[in-house]
Amino acid sequence: MNASTFTARVVAGTAADLTASVTAAIAALGGPLHGGASEAAMQICEGLGSPEGAPDGVRGMLERKEKLYGFGHPLYRAYDPRATILKRLSHELSKNGGEPNWYAITEATERTVSKEKGLYPNVDLYSGSVYRYLGIPKHLFTPLFAASRVAGWAAHVVEQHLNNRIIRPSAQYVGVPRRSFPARTPS
């Protein structure tokens, strides 16, 4: 289960209402490791500037151990099927998209990451160029993604409420080991 959906269910499990549960899901979606990844991937492509600059730019990011947003997925070990569709749409839109050619930059980024790291794109890599071709400002990428998930979150919340049990993920303490405390002296 992805982070935002899990968050909605955890909050719903406390018997919180739909509004609170969906609001929590939106908050979980906001980071670049989840819903904000398309915005972060587009920012990388903007920084690369051109298809010709992508290979050296990507290699520089790898040398500096910077995060490459838009690649890899915990469930899709090969090519994310959503990325296949978005790549095709980005290519079609690029024909009348003007410059810079976001598809060409994104595709050059994909080729370089594949060659250097063996990683496949996820839904976030090509969604940025598609959104850009559609005239959607970058700061609205994550809210648009959130809007598409509200129905699913709501369904999870309703399901959680129907047979509710509080969700208590387990955790393991990894801090300082037990230590002795001085005996208390009576006063």
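Points to keep in mind about this one:
- If you check Arg165, Arg111 for being within 15 Å of Cys45 (Cβ to Cβ) and open to solvent by 60 Å² or more (accessible area, probe 1.4 Å), only one passes: Arg111.
- Among the conditions (1) without any contact (Cβ under 8 Å) to a residue 60 or more places away in the chain; (2) in a loop (DSSP other than H, G, I, E, B), the only one that Leu140 does not satisfy is (2).
- Restricting Glu46, Glu110 to those that are touching a strand residue (DSSP E or B) at 6+ places or on another chain (Cβ under 6 Å) and of a type outside the set (Phe, Trp, Tyr) reduces the list to Glu110.
- Of Gly35, Gly31, all but one fail to be in contact with a Phe, Trp or Tyr (Cβ under 8 Å, 6 or more places away or on another chain) and either modelled with pLDDT under 95 or open to solvent by 10 Å² or more (accessible area, probe 1.4 Å) (or both); the exception is Gly35.
- Members of region 138-153 found to be small (Gly, Ala, Ser) and surrounded by 14 or more Cβ atoms within 10 Å (Cβ to Cβ), listed by number: Ala146, Gly152
- Checked against the criteria, Lys95 does not count as open to solvent by 10 Å² or more (accessible area, probe 1.4 Å), in contact with a Pro (Cβ under 9 Å, 6 or more places away or on another chain) and of a type in the set (Lys, Arg).
- Set side by side, the residues Thr19, Thr14, Thr5 differ, and just one is among the hydroxyl-bearing types (Ser, Thr, Tyr), surrounded by fewer than 16 Cβ atoms within 10 Å (Cβ to Cβ), touching a residue at least 60 places away in the same chain (Cβ under 8 Å) and under 26 Å from Val157 (Cβ atoms), which is Thr14.
- From the options Val174, Val157, residue that is loosely packed, with under 10 Cβ neighbours inside 10 Å and of a type in the set (Val, Ile, Thr): Val174
- Inside region 122-137, residues that are crowded, with 16+ Cβ neighbours inside 10 Å and free of Cβ contacts under 8 Å to residues at least 24 places away in the same chain make up a count of 0.
The values are calculated or read from the model by the stated rules, or taken from the named source; none is laboratory data. This is a predicted model, so every value here is computed, not measured. Neighbour counts are summed over all protein chains in view; Cβ atoms, including those assigned to glycine, are modelled from backbone coordinates with ideal geometry. Heads up: the accessible areas ignore ligands, DNA and RNA and are worked out on the full protein's heavy atoms, side chains in. Shrake-Rupley method; radii C 1.70, N 1.55, O 1.52, S 1.80 Å.
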